[in-house]
1. Looking at region A:130-146, can you tell me whether even one residue there is acidic (Asp, Glu) and in a loop (DSSP other than H, G, I, E, B)?
2. Return the only residue of A:SER70, A:SER76, A:SER40 being assigned to a helix (DSSP H, G or I) and modelled with pLDDT under 95.
3. Please find, among A:ALA161, A:ALA167, A:ALA195, the residue that is crowded, with 21+ Cβ neighbours inside 10 Å, farther than 19 Å from B:PRO25 by Cα and among the small types (Gly, Ala, Ser).
4. Mind checking whether some residue in region A:41-48 is within 11 Å of another protein chain (Cβ to nearest Cβ), over 22 Å from A:ALA28 (Cα atoms) and under 14 Å from the mean Cα position of the chain (by Cα)?
5. I'd like the full set of residues that are under 22 Å from A:ARG46 (Cβ atoms) and either in a helix (DSSP H, G or I) or in contact with a Ser or Thr (Cβ under 9 Å, 6 or more places away or on another chain) (or both), limited to region B:37-48.
6. Looking only at region B:49-57, decide whether some residue is part of a loop (DSSP other than H, G, I, E, B), among the hydrophobic types (A, V, I, L, M, F, W, C) and surrounded by 17 or more Cβ atoms within 10 Å (Cβ to Cβ).
7. Mind checking which residues of region B:8-22 are over 13 Å from the mean Cα position of the chain (by Cα) and assigned to a loop (DSSP other than H, G, I, E, B)?
Amino acid sequence: MFDFSTSPLPVRPELPAAFRHVWHRLAAPGTWWTGYERVSIASLARAAYDSGESIADSDLPAAAAEAVGSLAHEPSAVTQERIRNWESRGLHANRYVELVGVVAQLTAVDTFHRALGLELERLPDPQPGEPSQQLPDTAATLTKAWVPMVGPPTIPTSLSAVPAEMAALETLHGPMYLTYEEMGDPAITHGLTRAQMELVASRTSAINECFF
Amino acid sequence: MLSWSSQETEQRINLLPIAEGSGDPLLPGGSELIDFVNVTLAGNGISAARNAVADTIGPAAAVDAAAVIGNFEMMNRIADGVGMPVGAGTRTSMAGIIRELRLDGFPHA
């Protein structure tokens, strides 16, 4: 799994290590979705990204399938009204937050492969078991963001209503970009200088019409 | 973050190519990096753009660029998906950049 020996360019080992961790988590029961459902979310997200449109045919409930499609191929079209609509049709806020995490992580890993011209990794086989339903130690509340968070809404608290997804996000964020500690260093350089990293990040966000 | 890192390192930079998708950002390999992002998200012509980055600033830079694109495809979906608000303080401190990069036209701005 995530064997980059045929990559046209050498891939540093922390990347496949992070990807394997994410794949392992993707297959396992999550906080509010089973392993089967999580892999279904990932499969639907991949299909929607590839086709550029939402896919109606899915094992997931209709509201969840709509949310996955929108997040995968047109995230800027997600609105507070749509989230409330999905919620009114049974997609509870915590389940939605976990779904956002799964789609986002899948997209990160797949985009890396596409950029390097590599075949996408086969999705993992789902593992049996029930969701943990683990709540954060401090209750998540709804403030200025559209979903509940623990504390003020910031990127590091974005998925805090579902702590396991927040941890998974950090697993990828460090190897693929910078750890939160490294982000304080304006001169940090890996393969790219910090300014080059931010140029790539900014152009990606501009195409996605995302403020952040 | 780009503006901040370039100020801290006294690196002059042209932000316009970020909004326009082409041009010289005044960074080594900058034009090639902009093009690599463009084609990766468009889904065609990736191989040539990736090779241009690798030839200009090295293979490790091309791999890191692929990783950063992937990371921000992830972060953008999270920010948009949770409706991350932009605070008044951020708007004030970033007013010039918001104008230059035309961020106010974005749906979630």
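1. Looking only at region A:130-146, we keep the residues that are acidic (Asp, Glu), and these are A:130, A:137.
With in a loop (DSSP other than H, G, I, E, B) added as a condition, the list becomes A:130, A:137.
The answer is yes; a qualifying residue exists.
2. Working: A:SER70 fails: modelled with pLDDT under 95; A:SER40 fails: modelled with pLDDT under 95.
None of the others qualify; the one that does is A:SER76.
3. Working: A:ALA167 fails: crowded, with 21+ Cβ neighbours inside 10 Å; A:ALA195 fails: farther than 19 Å from B:PRO25 by Cα.
Testing whether each residue is crowded, with 21+ Cβ neighbours inside 10 Å, farther than 19 Å from B:PRO25 by Cα and among the small types (Gly, Ala, Ser) leaves just A:ALA161.
4. No, region A:41-48 contains no residue that is within 11 Å of another protein chain (Cβ to nearest Cβ), over 22 Å from A:ALA28 (Cα atoms) and under 14 Å from the mean Cα position of the chain (by Cα).
5. Pass one, region B:37-48, residues under 22 Å from A:ARG46 (Cβ atoms): B:37-47.
Residues satisfying the conditions are B:VAL37, B:ASN38, B:VAL39, B:THR40, B:LEU41, B:ALA42, B:ILE46, B:SER47.
6. No, region B:49-57 contains no residue that is part of a loop (DSSP other than H, G, I, E, B), among the hydrophobic types (A, V, I, L, M, F, W, C) and surrounded by 17 or more Cβ atoms within 10 Å (Cβ to Cβ).
7. The first filter runs over region B:8-22 and keeps only residues over 13 Å from the mean Cα position of the chain (by Cα), leaving B:8-12.
Scanning region B:8-22 gives B:THR9, B:GLU10, B:GLN11, B:ARG12.
Conditions tested, residue by residue: (1) at pLDDT below 95; (2) under 21 Å from A:LEU106 (Cα atoms); (3) touching a strand residue (DSSP E or B) at 6+ places or on another chain (Cβ under 7 Å).
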| residue | (1), (2), (3) |
| --- | --- |
| A:PRO124 | no, yes, no |
| A:GLN133 | no, no, no |
| A:VAL150 | no, no, no |
| A:ILE155 | yes, yes, no |
| A:ALA164 | no, yes, no |
| A:GLU170 | yes, yes, no |
| A:GLN196 | no, no, no |
| A:CYS210 | yes, yes, no |
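The values are calculated or read from the model by the stated rules, or taken from the named source; none is laboratory data. In this text the structure is predicted, and so the values were computed from the model without any measurement. Note that each Cβ is placed from the backbone with ideal geometry, even for glycine, and that neighbours are counted across all protein chains shown.
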